[in-house]
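First the structure, in the form of structure tokens, and then the observations on it.
The values are calculated or read from the model by the stated rules, or taken from the named source; none is laboratory data. It should be emphasised that the depicted structure is a prediction, and the values quoted were computed from it without experimental measurement. Because the Cβ atoms are built from the backbone with ideal geometry, glycine has one as well, and the counts that use them run over all protein chains shown.
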Amino acid sequence: MTSNQSPKVVPLRSDVHGKLKVRELGSFEHVKSSHMVPVTAHEFSRLGAEYPIVFVKNSETGQFQSVALFGLKVGENLFVDGDKWKGVFVPGSIRNHPFMLAPAGENQEQLMVALVENSPLVGEEEGNALFTDEGEETDYLKAKKENLVNFLESDRLTKAFVEVLVEKELLTEQSVTVNAGEERINLNGLYIVDEKKLNELSEEDFADFRKRGFLPPLFAQLGSLHQFSKLAQMQAAAAS
């Protein structure tokens, strides 16, 4: 799938996809022009050791979403190097490719397993079979489905986490200026946790955050901002 070809997402069906196989991530073609991807709060501590984690606001819905930054410019992913990923931890939203959960018909709550049919990882020649000759799901597909369900659960908990941050007015817009070699890059529209307001939380709120497991992702997000300097170094190296 080239970057100018949009993903063709279809319901996964044994009668249609019985012969298909999926290669494990041997290519990151599908995210080579993604400078950010959605991430879940459960991943923050591992992601924060490598990438800046910030929040972005959807201009249409007004909703906030947590993302990991892989580049300083739209359309550039500094971590994709041919078929290799330059980082250690790959976010779940990338690892799950080419599978996803999509609404089944009108009911947004009811979900089905879908496949990005035109992904470079999908074919009939090599990879992991999705179905047996009898049309049963293989262990590989069952494991993938379990990963999707776990990711969905993490995603729901992350939405609740972000809603609380918004409700307590803990997110603040931040303009980031990065010096990448000779180039000065300005990043706007990013939101981060306001450390001052976090420290001013009431004991009651703080205890609630601790009980709900919100403190580790909060501190991981703040700590991850040091990774902007790593992106700057990578950007400068890529430009030289």
Over the range 51-65, the set of residues under 12 Å from Y191 (Cα atoms) and under 13 Å from the mean Cα position of the chain (by Cα) is P52, I53, V54, F55, V56, Q65
All-but-one check, G223 against (1) assigned to a helix (DSSP H, G or I); (2) more than 20 Å from E173 (Cβ to Cβ); (3) small (G, A, S), failing number (2)
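From V166, V193, which residue is within 15 Å of V56 (Cβ to Cβ), within 23 Å of the chain's Cα centre (by Cα), in contact (Cβ under 8 Å) with a residue 12 or more places away in the chain and surrounded by fewer than 18 Cβ atoms within 10 Å (Cβ to Cβ)? Walk me through how you get there before you give the answer.
Working: V193 fails: surrounded by fewer than 18 Cβ atoms within 10 Å (Cβ to Cβ).
From the options V166, V193, the qualifying one is V166.
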Among (1) more than 17 Å from V31 (Cα to Cα); (2) touching a strand residue (DSSP E or B) at 6+ places or on another chain (Cβ under 7 Å); (3) of a type outside the set (G, A, S); (4) surrounded by 21 or more Cβ atoms within 10 Å (Cβ to Cβ), M112 falls short only on (4)
Within the range 94-134, of all residues that are of a type in the set (G, A, S) and either modelled with pLDDT of 90 or more or assigned to a loop (DSSP other than H, G, I, E, B) (or both), the one farthest from Q235 (Cα to Cα) is G105
Conditions (1) in contact with a helix residue (DSSP H, G or I) (Cβ under 8 Å, 6 or more places away or on another chain); (2) more than 17 Å from Q65 (Cβ to Cβ); (3) crowded, with 17+ Cβ neighbours inside 10 Å; (4) among the small types (G, A, S) -> G92 fails only (2)
When E204 is run through (1) exposed (fewer than 14 other Cβ atoms within 10 Å of the Cβ); (2) not in a helix (DSSP H, G or I), the failure sits at (2)
Scanning the range 135-162 for residues that are assigned to a helix (DSSP H, G or I) and over 18 Å from the mean Cα position of the chain (by Cα), the one nearest to P7 (Cα to Cα) turns out to be L141
Only one of A68, A143 is more than 29 Å from G189 (Cα to Cα) and of a type outside the set (V, I, T), namely A143
Among residues of the range 46-70 being at pLDDT below 95, of a type outside the set (D, E, K, R) and out of contact with any Phe, Trp or Tyr (no Cβ under 8 Å at 6 or more places or on another chain), the residue surrounded by the most Cβ atoms within 10 Å (Cβ to Cβ) is Q63
